[in-house]
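The values are calculated or read from the model by the stated rules, or taken from the named source; none is laboratory data. As the structure is a prediction and not an experimental result, all values here were calculated from the model. In this analysis, Cβ positions are derived from the backbone assuming ideal geometry, glycine residues included, and neighbour counts consider all displayed protein chains.
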Amino acid sequence: MLLAVDLGLRTGLALYGRDGRLVSYRSQNLGTRARLRRAAGSVLNNHAGVERLVLEGGGDIAEIWKRAGERAGLRVRVVDAETWRRPLLLPRERRSGADAKAAADGLARAVIEWSGAPRPKGPLRHDVAEAIAVGLWGVVRAGWLDGVPEAVRRR
């Protein structure tokens, strides 16, 4: 399994199976760096079977998650937003951060539908939408999918 994390005190999490399909997703407000430090290891322990961890973001929050992933024996990759946005979003969708976040919502909803994952009960938060998107990038990069599924590309 692959766990994708959109880093921040409000953290987006997206779990993918070896078949490249989204299994689950959620947003979690960790509130403080101290709570985040405790939560990173706990989140990883609660996701048995995770082999890979893809983190979108940087700085000290990325280091906290990276260390927790390495302690858990995971393959860890830290990327910036442009790394996954370039191959998954159209140039017009990447003109601004706001445009990219809106496009990530549409992409995430297409991934949810294609994967057969439970539909969100309300609006998707941008952190979870971006976690879903970076997770899709991660499973393609890992070779678990040959490319972005046609149903997702057509969104």
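With the requirement that a residue be in a loop (DSSP other than H, G, I, E, B), under 13 Å from residue 87 (Cα atoms) and aliphatic (A, V, I, L, M), what does the stretch 120-155 give you?
148
Of (1) surrounded by fewer than 19 Cβ atoms within 10 Å (Cβ to Cβ); (2) modelled with pLDDT of 90 or more; (3) within 15 Å of residue 3 (Cβ to Cβ), residue 68 satisfies all except one. Which?
Result: residue 68 passes all but (1).
Test each condition in (1) buried (at least 20 other Cβ atoms within 10 Å of the Cβ); (2) modelled with pLDDT under 95 for residue 22 and report the one that comes out false.
The failed condition is (2).
Those residues that are without any contact (Cβ under 8 Å) to a residue 24 or more places away in the chain and not polar (S, T, N, Q), I need them from the stretch 1-38; list them, please.
If the condition is that a residue be without any contact (Cβ under 8 Å) to a residue 24 or more places away in the chain and not polar (S, T, N, Q), then 17, 30, 31, 34, 35, 38 are the ones that fit.
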